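A quick write-up on the structure given underneath.
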Amino acid sequence: MKSMKTTTSRISIVTDPCAKCGCQIAPARREALPHTSTCVKCSDAKAYVGFMDWGHKTAPEIVMVNPDDRENLRRAQAINERRR
């Protein structure tokens, strides 16, 4: 199957279907991950949970935590609640 490239303002987006199931990959996913070859359902990447860490008043950080890591998840939740 040939890949068709559509050029937007700055990003070249490939419109190939998912390599695993053959369904079309959502345009938003293609824009966020231009070189992806799988749709969201077939992706084997784990979902992460994000929290804001307000450690500094002018530069908060986003802390990404694996939801399977219960101790770090508990710590991130506590920091997020404490610093609001």
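The values are calculated or read from the model by the stated rules, or taken from the named source; none is laboratory data. Computed from a predicted structure; not experimentally measured. Glycine also receives a Cβ, built like all others from the backbone with ideal geometry; neighbour counts cover every protein chain displayed.
Does region 50-66 hold any residues that are of a type outside the set (Val, Ile, Thr) and modelled with pLDDT of 85 or more, and which are they? Show your work before the answer.
Within region 50-66, the first condition is being of a type outside the set (Val, Ile, Thr), and the residues that meet it are 50-57, 59-61, 64, 66.
Result: GLY50, MET64, ASN66.
Remark: pairs (first residue in region 36-55, under 11 Å from CYS21 (Cα atoms); second residue surrounded by 15 or more Cβ atoms within 10 Å (Cβ to Cβ) and of a type in the set (Asp, Glu); Cβ separation under 9 Å; 6+ apart in sequence or on different chains) = SER37/ASP16.
Does LYS2 satisfy being at pLDDT below 85, under 13 Å from the mean Cα position of the chain (by Cα) and assigned to a loop (DSSP other than H, G, I, E, B)?
The answer is no for LYS2.
In region 44-65, is there at least one residue being out of contact with any helix residue (DSSP H, G or I) (no Cβ under 8 Å at 6 or more places or on another chain), surrounded by 14 or more Cβ atoms within 10 Å (Cβ to Cβ) and farther than 19 Å from ARG82 by Cβ? Looking through region 44-65, none of the residues is out of contact with any helix residue (DSSP H, G or I) (no Cβ under 8 Å at 6 or more places or on another chain), surrounded by 14 or more Cβ atoms within 10 Å (Cβ to Cβ) and farther than 19 Å from ARG82 by Cβ.
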